[in-house]
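Here the structure is laid out as structure tokens; the discussion comes afterwards.
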Amino acid sequence: MKNLSFLNKIMFFLNNIAALIFFAALFIPYIAPKTFPLLSIISLMVPFVLFAHILFIIYWILSGFKKQFLLSAICILLAVGLSLFPYKFKSKEVISGNSFGVMNYNVRLFNKYQWIQKENVAEHISKFIQGQAADVICFQEFTKDRALNLNYPYVYEKLNGGRKGSGLAIYSKYRIVNKGSLDFEHSFNNAIFVDILRNNDTLRIYNVHLESFGIKPDSVDLNLNETRSKKLIYRLKKSFTKQQEQVEKFLDHKENCPYKTIISGDFNNTAYSWAYRMLKSNLNDTFIESGKGFGKTYSFNKYPLRIDFILTDSRLKVNQHKNFNLELSDHEPVLAKLSY
């Protein structure tokens, strides 16, 4: 430390801060948001912090291979070993004639309010889905659109505001023998479920849309004054707290499920969060099992985030996981191929 220049001392100080944030992030998923709501913000920072550690490693190597690079190297190695690194270098794909496909897609009302400069979004989404082998599709921010043309005989929709409203939907090629809604309190978000019959076996499919933070990339103002900062902090605390309430209600419902379970949805949070850890529990994350790359489902100012998930019962094999880049919504669809 004594032999470091003034600039390198500053860099090492920042390096230590990044390391502290990363090590804190290892414990955040075990702390309920209601206990310390603001601590949960760290879970949103993990991908950015890991990227910073890569930059620190490069910096120290270019500075003459200083031993200080070991701090960031340890963080990266831990992230890879604990499946926390946001990028997967290898994928797994198993050819199975007995596999079935589950897709998750937040369609953002099929661009009802022209958020993106593209016409006939519902039609484009229909054509995309028709080209995929998805036997079950879980939609979030779904609304009725006459251009949506999908040949799925079994459908369950739960919309706020009637037929012209929005909400969740599950489309299935397998017969739905039971269905229901969890009806999250004081929220536009929700979770629904269907029990489907496949090869004389009943599967429970949950479609979960957790509370949003209400922060859109195009509305972020970096010039935060005291008033804006307080509003942002209040919004984050409120959303983390609501997510905990929603997850707890969901887990109470899931506890009584006697069937193999698949959880699909937009969690509005990352794989480093308390919400994700509780929902995943002993299930398999299809991206971790078979995905490759960043697994991006949402871009925050061009930074890839994975906030949409498919979690499967450990008695099901994950044969394939696909991410797509369609730019027909603010979210991207994911597709998992599963088998017994």
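The values are calculated or read from the model by the stated rules, or taken from the named source; none is laboratory data. Every value quoted in this text rests on a predicted model; they were computed, and no experiment measured them. No Cβ is skipped: glycine too gets one built from the backbone with ideal geometry, and neighbour counts run over all protein chains shown.
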### Query
Under the condition of being β-branched (Val, Ile, Thr) and touching a helix residue (DSSP H, G or I) at 6+ places or on another chain (Cβ under 8 Å), which residue from segment 1-35 is surrounded by the most Cβ atoms within 10 Å (Cβ to Cβ)?
ILE28
### Task
Could you please give the count of residues in segment 255-277 that are under 25 Å from VAL49 (Cα atoms) and surrounded by fewer than 17 Cβ atoms within 10 Å (Cβ to Cβ)?
1
### Task
Name every residue in segment 186-198 that is at pLDDT 95 or above and surrounded by fewer than 17 Cβ atoms within 10 Å (Cβ to Cβ), in order of residue number.
LEU197
#### Entry: Top-ranked residue in segment 79-94 [being in a loop (DSSP other than H, G, I, E, B) and of a type in the set (Gly, Ala, Ser); ranked as nearest to the chain's Cα centre (by Cα)]
SER83
### Query
In segment 68-121, which residues are on the phi < 0 side of the Ramachandran plot and among the small types (Gly, Ala, Ser)?
SER72, ALA73, ALA79, GLY81, SER91, SER96, GLY97, SER99, GLY101
### Query
For segment 269-325, which strands (runs of 3 or more DSSP E) that fit wholly inside it have 2 or more residues that are closer than 16 Å to LYS88 by Cβ and in contact with a helix residue (DSSP H, G or I) (Cβ under 9 Å, 6 or more places away or on another chain)?
303-305, 308-312, 317-323
#### Entry: Every residue from segment 165-187 that is within 18 Å of the chain's Cα centre (by Cα) and farther than 20 Å from VAL334 by Cα
none
### Task
Identify the residue in segment 278-311 that is at positive phi and more than 10 Å from the chain's Cα centre (by Cα) and, among all such residues, is surrounded by the most Cβ atoms within 10 Å (Cβ to Cβ).
GLY293
### Task
Output the residues belonging to segment 245-278 that are over 19 Å from GLU141 (Cβ atoms) and among the aliphatic types (A, V, I, L, M).
VAL247, LEU251, ILE262, ALA271, MET278
### Query
Is it the case that segment 60-74 has a residue that's over 30 Å from ALA134 (Cβ atoms), within 22 Å of the chain's Cα centre (by Cα) and not in a helix (DSSP H, G or I)?
no
### Query
Assuming LEU38 fulfils every condition listed in (1) surrounded by 15 or more Cβ atoms within 10 Å (Cβ to Cβ); (2) within 21 Å of the chain's Cα centre (by Cα) apart from one, which condition is it?
(1)
### Message
Against the conditions (1) assigned to a loop (DSSP other than H, G, I, E, B); (2) closer than 30 Å to LYS230 by Cα; (3) among the aliphatic types (A, V, I, L, M), where does LEU4 fall short? Just the number, please.
### Response
(2)
### Task
Please work out if LEU148 is surrounded by 14 or more Cβ atoms within 10 Å (Cβ to Cβ), of a type in the set (A, V, I, L, M) and over 21 Å from the mean Cα position of the chain (by Cα).
yes
## Note on the structure
In segment 326-340, anything in a loop (DSSP other than H, G, I, E, B) and more than 23 Å from TYR272 (Cβ to Cβ) is listed as LEU326, GLU327, LEU328, SER329, TYR340
### Query
Within segment 205-239, can you find the residues that are over 20 Å from PHE193 (Cβ atoms), modelled with pLDDT of 90 or more and either among the β-branched types (Val, Ile, Thr) or within 15 Å of the chain's Cα centre (by Cα) (or both)?
SER212
### Selection within segment 258-268 - of a type in the set (A, V, I, L, M, F, W, C) and in a loop (DSSP other than H, G, I, E, B)
PHE267
### Task
With the condition kept exactly as written, say whether any residue in segment 131-138 is without any contact (Cβ under 8 Å) to a residue 12 or more places away in the chain, closer than 21 Å to LYS322 by Cα and part of a loop (DSSP other than H, G, I, E, B).
yes
### Summary
Exactly one of ASN106, ASN111 is touching a residue at least 60 places away in the same chain (Cβ under 8 Å), in the same structural domain as LEU203 (by TED's automatic domain parsing) and closer than 27 Å to ASP195 by Cα, and that residue is ASN106
